[in-house]
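The values are calculated or read from the model by the stated rules, or taken from the named source; none is laboratory data. Quick caveat, the model's predicted, so the values are computed rather than measured. Heads up, the Cβs are rebuilt from the backbone with ideal geometry, glycines too, and the neighbour counts pull from every protein chain shown.
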Amino acid sequence: MQKPAAHQGVTGELAALLSQIALVGKLIAQDLRRAGLIDILGTTGEINVQGETVKKLDEIANETFLKVFHQNGLACALASEEMEKPVLLPENWPRAKYMLLFDPLDGSSNTDCNMPLGAIFSVVTSGHSDRMPTKDDLVRKGTEQVAAGYLLYGSSTMLIYTTGQGVHGFTLDPGIGEYVLSHEQIRVPTRGKVYGVNEGNYHKWSGGTRKYVDYLKVNDTATGRPYSSRYSGCLAADVHRILLGGGIYLYPGEIEKPEGKLRLLYEANPLAMVVEQAGGRASTGAMRILDVEAKQLHQRVPLIIGSAEDVRDAEEFMQGRRM
Ligand code: AHG
Ligand code: MN
Ligand code: MN
């Protein structure tokens, strides 16, 4: 409350919505802390709409978002990476004008080995004052987001968000059960020394992507290479490292899967808004993420994100302007 920059432009319902996401973070963090002690590790035996195996914790995290937002009346629609169809909440409309899109548990492959996890969220307004939004109204361009951010369950639990007035980070103080503003006005360095990518996919990439990653590994102290490789398998954690210290994260398209893996509405758009608000850059390799036309709820998109100069270098290689 004493740091106006951290809540500039965040009033009323939007502030309430963000604090409810913070509550979701407390609830999920509590489950994760004792995940190995109670029977919540492993898979449910189901396959989700993304064609991926559902972890018990994916389901628990999704249910937590749904429960909190069913009860608080702050959103009129919810869409999740884990649900084929969105949940529309006509009982909250027209009082609630916001719609929430989320990846309830990011980095699910980390659940069973005590590695970092996260959640990623995006907030848009319903867009029509005369009618309840439909499923299609959730499918919006990244530039239309009014707020975005992520929860990170690492050695501490953090909430990072932007409402278009810079990026702020809060750390959960477990002693008092409250979030404390620990990172005010985060700025991503214009260039870093770290790259994060699943290099096991190297031979699936196009030539430009391979050349760029090869370039990062060349020993050339004058230009600060080689870069260090850091990859946790949790997008929120990997992007968080880059947000604070600079560098680049890539989940590029592949020759046989040009759309890549990550989801535009639940992962790429919200992280792109955060990183741009911190002075960084987010691209598909060919264009700005936030300008990508959203056509479907579960649409995938390549993601190249981080320090502005590093992302520009990657774009040059990927577009064949540099060899
Ligand atoms: P999710 O757990 O929500 O499905 O997301 C996993 C994502 C992302 O967190 C991570 O960067 C990437 O997938 C890891 O994929 P690979 O295992 O292919 O590297
Ligand atoms: Mn994810
Ligand atoms: Mn997920």
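So here's what we get for this one:
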{"item": "The one condition in (1) in contact with a helix residue (DSSP H, G or I) (Cβ under 7 Å, 6 or more places away or on another chain); (2) touching a residue at least 40 places away in the same chain (Cβ under 8 Å); (3) part of a loop (DSSP other than H, G, I, E, B); (4) within 15 Å of ligand 1 (Cβ to nearest atom) that Tyr249 fails to fulfil", "result": "(3)"}
{"item": "Unique residue being assigned to a loop (DSSP other than H, G, I, E, B) and either in the same structural domain as Thr223 (by TED's automatic domain parsing) or within 12 Å of ligand 1 (Cβ to nearest atom) (or both) when the list is His240, His298", "result": "His298"}
{"item": "Test for Phe69: is it buried (at least 22 other Cβ atoms within 10 Å of the Cβ), touching a residue at least 24 places away in the same chain (Cβ under 8 Å) and more than 16 Å from ligand 1 (Cβ to nearest atom)", "result": "yes"}
{"item": "Strands (runs of 3 or more DSSP E) lying entirely in the range 98-216 (those with 3 or more residues that are within 16 Å of ligand 3 (Cβ to nearest atom))", "result": "98-106, 117-125, 147-153"}
{"item": "Conditions (1) under 20 Å from the mean Cα position of the chain (by Cα); (2) in the same structural domain as Ile28 (by TED's automatic domain parsing); (3) more than 21 Å from Gly12 (Cα to Cα); number of the one not met by Val188", "result": "(2)"}
{"item": "Candidates Ile186, Ile160, filtered to the one that is buried (at least 19 other Cβ atoms within 10 Å of the Cβ) and within 16 Å of ligand 1 (Cβ to nearest atom)", "result": "Ile160"}
{"item": "The range 258-295, residues that are hydroxyl-bearing (Ser, Thr, Tyr) and either within 16 Å of ligand 3 (Cβ to nearest atom) or outside any loop (DSSP other than H, G, I, E, B) (or both)", "result": "Tyr266, Ser283"}
